[in-house]
1. Placing +1 on the Cβ of each Lys and Arg and -1 on the Cβ of each Asp and Glu in the stretch 76-165, which of L137, G162, I149 has its Cα farthest towards the positive end of the resulting dipole?
2. Quick one: length gained pulling D345 to V257 fully straight, 0.36 nm per residue minus the C-alpha distance?
3. Over 29 Å between C-alpha atoms is what I'm after, so list which of K123/K355; K123/K193; K72/K311 land there.
4. Starting from the Cα of L337, step 7 Å along the direction of its Cβ; do the same at K35; then give the gap between the two resulting points in nm.
5. Compute the separation of the alpha-carbon centres of the stretch 6-69 and the stretch 260-320 and state it in Å as a whole number.
6. How big is the chain on each of its three principal axes, counting only the C-alpha atoms and giving the largest first in Å?
7. Mind sorting C346, C366, C326, C332 by how few other Cβ atoms lie within 10 Å of their own Cβ, fewest first?
8. According to a simple spin-label model (label point 7 Å from Cα along Cα-to-Cβ), what is the distance in nm between Y189 and K92?
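Where a number appears in this text, it was derived from the coordinates with a stated rule and is not lab data. Just so it is clear, the structure is predicted and the values come from calculations on it, not from any experiment. Because the Cβ atoms are built from the backbone with ideal geometry, glycine has one as well, and the counts that use them run over all protein chains shown.
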Amino acid sequence: MIKKFKSLKFTTRRSIEALVFLVVFFAIFGYLAHKMGLPNMLNTIMQTSYSLLMETVFYLMAITVLSGALGKLLTEFGVVRLIEHLLKPLMKPLFNLPGVAALGGILTFLSDNPAIIALANDKNFSQYFKKYQLISLTNFGTAFGMGLIVIVFMIGIGYGGGAIVGLVGAIFGSIISTRLMQRFIIKSYPEFKTEDVSKGDEQSISFKTEGNIFLRVLNSILDGGKSGVELGLAIIPGVLIISTFVMMLTFGPTNGVYTGAAYEGVAVLPYLAGKIDFVFQWLFGFNNPELVAFPITSLGAVGAALSLIPKFQASGFIDGNAIAVCTAMGMCWSGFLSTHTAMLDCLGYRKLTSKAIIAHTIGGLCAGVVAHWIYVLVSLIMA
């Protein structure tokens, strides 16, 4: 009888979820179809997705392949280890993490968020951490995910100065997010403050490889490029699905008339952002409300957010400050809503997901604010 009751309760809950989903789905797309016309809406969806695939995804994939090869070369020939040793003294005072954590930040900067989990699950790496520090690596590593790709992309469109300022902002955001997460963990689990992670069998992580220099270079380039291809393929769903939807809520019709062309939409996000534009103007220096689409998209996938930049640039919305803020928030958030749950699940602390998300949301906002005001200060000094 109890089993039958539980089954009925589960079925009822699923039915309610299905009903709510249908209501929300038809409300959103019904509104779009009403404003744009059903044929135009469908054509715009397909044309926008195709344009993003051809003009943005393959460009991003080229960057990921080249940066993947570069990252592998830097690892193979000890540059990553050298940078790690240089950054070690900063880890404790800035992030309250052991010096070896620098390796995790570098690897996620060169690749993507999940790289930190591969390290965290290695006992030869995790043995240097207290439990609360190890869990906070989720926030620390995410703040640098795809960092090289974001910066190279911004430099590629001619905004190197803004990209560097954005990197500084992302570092500030990562400090806030990591330390805030640590406070949340200790408050919920005080015993984690002193509890050590189990020891490994060796004293350090080995990067030793074999073969002559030519083979090491060749293998590094090919292996790194292959990982870049995999990363490039991984960002396709986010770019095509999330960016298409966000763009349809960001941009309006061409010359006031819907034609079914790419990048048309209903401009809901700028309308809503325009109601409180003074907030975005003061915090981030955004002169156009459409720019809020970038950080919103970064919540799900920074690769998808990057696909918005060419359209913003063509519309005249982009300047050095906007690049600095977008770089900072894009790097710091780097799709954490879509990765934090899986990352904490791999570490065995999925129950802390909500705390990690709150800490990282605050960190990302602070990254954008810091980047904006640093850019303003630098502009005043350079004037």
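1. Highest projection toward the positive end goes to L137.
2. Numbers: separation 88, 0.36 × 88 = 31.68 nm, distance 4.77 nm.
Stretched fully, the D345-V257 segment lengthens by 26.9 nm.
3. Details: K123/K355 25 Å; K123/K193 18 Å; K72/K311 32 Å.
As for pairs spanning more than 29 Å Cα to Cα, those are K72/K311.
4. Roughly 1.8 nm, to one decimal.
5. Using only Cα atoms to place each centre, the spacing works out to 18 Å.
6. Result for the chain: principal-axis Cα extents of 73, 65, 44 Å.
7. Numbers: C346 16, C366 22, C326 31, C332 36.
Fewest to most other Cβ atoms nearby, the residues stand as C346, C366, C326, C332.
8. About 2.4 nm separates the two model spin labels.
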